[in-house]
Amino acid sequence: MTIEECTIYITQDNNSTTWQRWEAGDTPISPEIIARLKEMKARRQRRINAIVDKINNRIGNNTMRYFPDLSSFQSIYTEGDFIEWKIYQSVAAELFAHDLERLC
């Protein structure tokens, strides 16, 4: 994600300077943002685990759709938001990198 996307969808304050200071280690990250990031990480891991479980149980065809933009993601996952799309894409890339999924 870009810094701008992070300030819109994670911190929701559009303050790029604060995000840049966090990345540089100049100021501590607020506990609220740390909690959001941990939840995003947990959601990503749950999605990975669910897909790996299906692979191990031979359920499905080991092909994961790659969505080039949010609107194409939402055409399938109508309740999905920007963060869900980014998590989904991250999972797809991770599984593809480990040769566990093909992308279509």
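Among the residues of the stretch 44-76, which ones are part of a loop (DSSP other than H, G, I, E, B), over 14 Å from the mean Cα position of the chain (by Cα) and farther than 12 Å from L95 by Cα?
Once the filter is applied, which keeps residues that are part of a loop (DSSP other than H, G, I, E, B), over 14 Å from the mean Cα position of the chain (by Cα) and farther than 12 Å from L95 by Cα, the stretch 44-76 yields N57, R58, I59, G60, N61.
Can you work out which of the residues in the stretch 77-91 that are free of Cβ contacts under 8 Å to residues at least 24 places away in the same chain and either assigned to a strand (DSSP E or B) or touching a Phe, Trp or Tyr at 6+ places or on another chain (Cβ under 6 Å) (or both) is farthest from E5 (Cα to Cα)?
G80
If I filter the stretch 1-29 down to residues being assigned to a loop (DSSP other than H, G, I, E, B) and acidic (D, E), which single residue comes out as nearest to the chain's Cα centre (by Cα)?
So the residue we want is D13.
In this structure, is E94 surrounded by 12 or more Cβ atoms within 10 Å (Cβ to Cβ) and either in contact with a Gly (Cβ under 8 Å, 6 or more places away or on another chain) or more than 21 Å from M1 (Cα to Cα) (or both)?
no
If I ask for residues that are charged (D, E, K, R) and in contact with an Asp or Glu (Cβ under 9 Å, 6 or more places away or on another chain), which ones from the stretch 78-93 would you list?
Listed by number, the list holds a single entry, K86.
Per-residue answers, yes or no, for (1) at pLDDT below 90; (2) among the hydroxyl-bearing types (S, T, Y); (3) under 15 Å from E84 (Cα atoms):
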site	(1), (2), (3)
A35	no, no, no
A42	no, no, yes
D53	yes, no, no
G60	yes, no, no
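The values are calculated or read from the model by the stated rules, or taken from the named source; none is laboratory data. Just so we're clear, the structure is a prediction, and the values are computed from it rather than from any experiment. A quick note on method: Cβ atoms are made from the backbone with ideal geometry, for glycine too, and the neighbour counts reach across all protein chains shown.
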